[in-house]
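A short write-up of the structure that comes next.
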Amino acid sequence: MYTLYGTTGSGSAAIEVALQRCGAPFKVVRASEWEPDSALPELARVNPLKQIPTLVLGDGTVVSESAAILIHLGLTFPSSGLLPQDASRRAVAMRGLVYVAANCYAAVSVSDYPQRWCVDPKKPITSSIRTAARANLHKAWDIFADTFAASPYLSGVELGALDILAATVSKWSGTRAHLAKSRPAFLATLLMIERHPDVAQVFARHWAS
Ligand SMILES: N[C@@H](CCC(=O)N[C@@H](CS)C(=O)NCC(=O)O)C(=O)O
């Protein structure tokens, strides 16, 4: 039994989709830095960064960092299709996962918490940092779209971890609106990923309209 720390509308959605693709039993513990009534102290004990998603394995091992969690699940459940079997394709998928985590997720975090990135957080400074973070984020997605080919999924013929993470992280900070103008074909790929039944079911809970 896995324990997943997360909450609605967060990156834990990606791990829920992945765990379901693996057929692995899990429970979700609602926790997030922005919900004081959640299991935040428990999350802080397992991940001092207090970030979600954080996954605790059956033996108590803690895995945080979305790319690491998805790679771990893909390697543990090879028949899930989370990672391609072919070594070169798998290397590209892992490159993509780390790319999204390092460049896109990180820029979302700066945009969400600009006050962490200046010693004297005043409104004009924080809003200037947020604007720059979003510009960097959108550029990182444009480069992602130009670098990672979809056929039809980013992971190949079937849905994989890279699709799930890209569809999740592109939900935030104006990314989809930007891609609608800059990379409409890539946005169509993200929307196709979202229509996959395993993704649609989880996303409907996380992003109820
Ligand atoms: N590097 C982490 C980033 C995770 C992250 O920033 N998660 C957000 C929620 S979607 C969070 O917990 N933010 C709270 C904080 O940074 O204090 C990953 O790739 O999983």
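With a/c under 1.5 counting as rounded, go ahead and sort segment 1-134 into rounded, prolate or oblate using the C-alpha gyration tensor (a ≥ b ≥ c being the square roots of the eigenvalues; past the cut-off, prolate if a/b is larger than b/c, else oblate).
Here segment 1-134 falls in the oblate category.
Sum up the charges of everything whose Cβ sits under 11 Å from the Cβ of residue 93, counting Lys and Arg as +1 and Asp and Glu as -1, but leave residue 93 out.
Taking every other residue near residue 93 into account, the sum is +1.
How would you classify segment 133-209 from its alpha-carbon gyration tensor, with a ≥ b ≥ c the square roots of the eigenvalues: rounded for a/c under 1.5, else prolate if a/b is greater than b/c, otherwise oblate?
Oblate is the answer for segment 133-209, as a/c is 1.5 or above yet b/c matches or exceeds a/b.
Based on Cα positions only, what radius of gyration and what Dmax would you give for segment 156-198, in angstroms?
Just the Cα atoms of segment 156-198 yield Rg and Dmax of 10.2, 29 Å.
Quick one: 3J(HN,Hα) in Hz for segment 63-79, Karplus 6.51/-1.76/1.60 with θ = phi - 60°, rounded, Gly and Pro as x.
Ordered by residue, 3J(HN,Hα) equals 10, 10, 6, 3, 5, 5, 4, 5, 5, 4, 5, x, 6, 6, 10, x, 7 Hz.
Mind jotting down the distance between the C-alpha centroids of segment 10-44 and segment 139-209, whole Å?
A separation of 21 Å, based on Cα centres.
Which whole-number percent gives the relative contact order of the chain, counting Cα pairs below 8 Å spaced six or more residues apart?
It comes to 20 percent, rounded to a whole number.
Going by the alpha-carbon gyration tensor, a ≥ b ≥ c the square roots of its eigenvalues, is segment 65-209 rounded (a/c under 1.5) or, if a/c is not under 1.5, prolate (a/b greater than b/c) versus oblate?
Prolate shape, in that a/c is at least 1.5 and a/b is the bigger ratio.
Once phi is turned into θ = phi - 60°, what whole-Hz ³J(HN,Hα) does the Karplus curve with 6.51, -1.76 and 1.60 give for every residue of segment 178-190, x standing for Gly and Pro?
In residue order, the calculated couplings are 5, 5, 4, 8, 8, 9, x, 5, 5, 4, 4, 5, 4 Hz.
Give the long-range amide H neighbours of residue 26: residues separated by 5 or more places, or on another chain, with amide H under 5 Å away, using H modelled in the peptide plane at 1.01 Å from N.
2
What ³J(HN,Hα) values, in whole Hz, does the Karplus curve 6.51 cos²θ - 1.76 cosθ + 1.60 give for segment 83-96 when θ = phi - 60°, with x put for Gly and Pro?
In residue order, the calculated couplings are 10, x, 6, 5, 4, 5, 5, 5, 5, 5, 4, 5, 4, x Hz.
For the cross-link pairs 122/171; 27/171; 50/123; 50/181; 123/171; 27/123, which exceed 29 Å when the distance is taken from alpha carbon to alpha carbon?
Check vs 29 Å cut-off fails for 50/181; 27/123.
Report, for segment 2-80, the % of DSSP beta bridges that are antiparallel, rounded to 5.
Once the DSSP bridges in segment 2-80 are tallied, antiparallel ones form about 55 percent.
More than 21 Å apart: what percent of Cα pairs in segment 2-80 qualify?
Tail fraction, whole percent: 19.
Laboratory data are not the source of any read-out in this text; all were calculated from the coordinates shown. Note that the structure is predicted; figures quoted are calculated from it, not measured. So basically every Cβ, Gly included, is an ideal-geometry build from the backbone, and we count neighbours across all protein chains shown.
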